[in-house]
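*Asks:* Sharing a structure here in structure tokens format.
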Amino acid sequence: MQYEYSALPDREHIKWPGGKQLAVIITINLEYWWLTREQKEPLYPGGPASIPFPLPGDIPDYVNWTWREYGQRVGVWRVFKALDSAGIPASCTMNAMMGLERRRVIDAVNERGWELVPHNWAQNDILTNYAHDPQQECDVICRVLDVYEKTVGRPARGWLSSSLRPTAETVNILAENGLSFFCDFLNDDQPYLLRTRSTPLVAIPYSNDINDFNMFARGGMTLDQGLLALKEQFDVLYEEGRESMRLFNFGLHPHVIGQPYRIRALAQFLEYIKDFEGVWFPKREQIADWYLENHASHIRPPDN
């Protein structure tokens with residue numbers, strides 16, 4: 001995969017459709033973990049554990065598995081309620097196993113008309129497991145896309161890798177399978193183009209800083225500290241967007257933000273942002289379609 005280094009001051013000023021200055025994406029990661037696998041090494045956790053000291057991969061780790069399952073059974077419905085109350089849509093990512101084992105959650109997203117983005121087969125089966133076997137990686141991605149289409153009812157448009165861990169071949173495989181955007185990178189506040197062996201992909205950057213794991217689970221922020229950080233991030237990007245468009249992404253995990261003592265941070269943040277002028281709440285596929293048409297007026301190709 002290749003992309004051009006582009007310093008922010010060297011780019012052309014550009015606004016989102018309708019002259020909007022800030023695109024806000026609330027990402028709900030709908031994830032499913034294998035309980036066991038035929039291996040002695042611990043399963044990749046795909047995020048912090050509730051209880052440390054990992055078990056061998058062939059022994060069920062019920063405490064951590066059920067902690068994460070709380071998000072599927074309870075937490076996600078609390079998150080949906082907060083978004084519904086604010087009238088703000090989410091862009092949801094989904095492991096293929098969520099479509100097979102937790103269809104109720106996927107159907108609830110579809111009923112709301114929200115976006116769904118493929119997110120690996122299982123959360124603890126990361127693509128770098130196949131870094132030295134591109135064909136096996138391609139087979140896994142194709143199986144994910146097949147389950148996605150059968151479950152969601154439409155072909156996938158983009159991709160977010162579990163734990164943001166692609167291989168050097170991932171974008172090529174995605175482009176060759178007709179996808180148009182890729183969300184694994186953390187290196188910008190604006191979209192940009194990725195070159196592949198075939199057609200370009202739009203990079204729609206993610207954020208690990210504005211993320212419930214890093215704020216609350218890993219970072220240990222209080223609700224009020226987290227809410228202040230969210231508002232600060234939003235306010236700075238909103239002001240910068242007056243000159244040229246910016247992107248704000250807030251990554252959520254239902255077993256983290258969906259806990260009763262944390263949901264207030266999400267609800268109050270949504271209430272804070274919902275009435276700002278010049279804010280767009282797009283699907284990622286809308287960003288990709290728009291940027292493919294407008295990228296040349298944003299980042300000029302390098303002189304050869």
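*Asks:* Those residues that are of a type in the set (A, V, I, L, M) and either part of a loop (DSSP other than H, G, I, E, B) or open to solvent by 30 Å² or more (accessible area, probe 1.4 Å) (or both), I need them from region 175-198; list them, please.
*Replies:* The answer is L179, L186, L193.
*Asks:* Only residues that are within 19 Å of the chain's Cα centre (by Cα) and of a type in the set (D, E, K, R): list them for region 198-246, please.
*Replies:* D209, D212, R218, R246
*Asks:* Is there any pair linking a residue in region 224-238 that is in contact (Cβ under 8 Å) with a residue 60 or more places away in the chain and surrounded by 18 or more Cβ atoms within 10 Å (Cβ to Cβ) to one that is assigned to a helix (DSSP H, G or I) and not acidic (D, E), with Cβ under 9 Å and at least six apart or on different chains, and which?
*Replies:* The qualifying pairs are F234/F269; F234/Y272; F234/I273; Y238/I273.
*Asks:* Across region 7-25, what is the number of residues that are assigned to a loop (DSSP other than H, G, I, E, B) and within 23 Å of the chain's Cα centre (by Cα)?
*Replies:* Qualifying residue count, region 7-25: 4.
*Asks:* Ok, one more. Out of everything in region 144-156 that is outside any helix (DSSP H, G or I) and either open to solvent by less than 30 Å² (accessible area, probe 1.4 Å) or out of contact with any Asp or Glu (no Cβ under 8 Å at 6 or more places or on another chain) (or both), what residue ends up being nearest to G46 (Cα to Cα)? Give the steps one after another, and end with the answer.
*Replies:* If we filter region 144-156 for residues that are outside any helix (DSSP H, G or I), which is where we start, we get 153-156.
Next cut, either open to solvent by less than 30 Å² (accessible area, probe 1.4 Å) or out of contact with any Asp or Glu (no Cβ under 8 Å at 6 or more places or on another chain) (or both) only: 153-154, 156.
On the way: G153: 27, R154: 27, A156: 23 Å.
Residue satisfying both the conditions and the ranking: A156.
*Asks:* Does L201 satisfy the criteria of being surrounded by 17 or more Cβ atoms within 10 Å (Cβ to Cβ), hydrophobic (A, V, I, L, M, F, W, C), in contact (Cβ under 8 Å) with a residue 12 or more places away in the chain and within 18 Å of Y291 (Cβ to Cβ)?
*Replies:* yes
*Asks:* Shifting gears a bit: When the residues of region 39-90 are narrowed to those that are farther than 24 Å from R104 by Cα and of a type in the set (G, A, S), which ends up surrounded by the fewest Cβ atoms within 10 Å (Cβ to Cβ)?
*Replies:* The extreme case among them is S50.
*Asks:* Would you pick out the residues in region 119-143 that are surrounded by fewer than 22 Cβ atoms within 10 Å (Cβ to Cβ), in contact with a helix residue (DSSP H, G or I) (Cβ under 6 Å, 6 or more places away or on another chain) and of a type in the set (A, V, I, L, M)?
*Replies:* Result: I126, single match.
*Asks:* Does region 157-174 contain at least one residue that is closer than 22 Å to H295 by Cα and part of a loop (DSSP other than H, G, I, E, B)?
*Replies:* Yes: region 157-174 contains one or more residues that are closer than 22 Å to H295 by Cα and part of a loop (DSSP other than H, G, I, E, B).
*Asks:* Scanning region 263-281 for residues that are without any contact (Cβ under 8 Å) to a residue 60 or more places away in the chain and surrounded by 19 or more Cβ atoms within 10 Å (Cβ to Cβ), which turns out nearest to R68 (Cα to Cα)?
*Replies:* Selected residue: A265.
*Asks:* Another question, if that's okay. If you check D10 against the conditions, is it surrounded by fewer than 16 Cβ atoms within 10 Å (Cβ to Cβ) and of a type in the set (D, E)?
*Replies:* Working: surrounded by fewer than 16 Cβ atoms within 10 Å (Cβ to Cβ): yes; of a type in the set (D, E): yes.
Considered against the rule, which asks whether it is surrounded by fewer than 16 Cβ atoms within 10 Å (Cβ to Cβ) and of a type in the set (D, E), D10 comes out as yes.
The values are calculated or read from the model by the stated rules, or taken from the named source; none is laboratory data. Since this is a predicted model, take the numbers as computed values, not measurements. Every residue, glycine among them, receives a Cβ derived from its backbone with ideal geometry; neighbour counts consider all protein chains shown. Heavy atoms of the whole protein, side chains included, go into the accessibility calculation; ligands, DNA and RNA do not. Shrake-Rupley method; radii C 1.70, N 1.55, O 1.52, S 1.80 Å.
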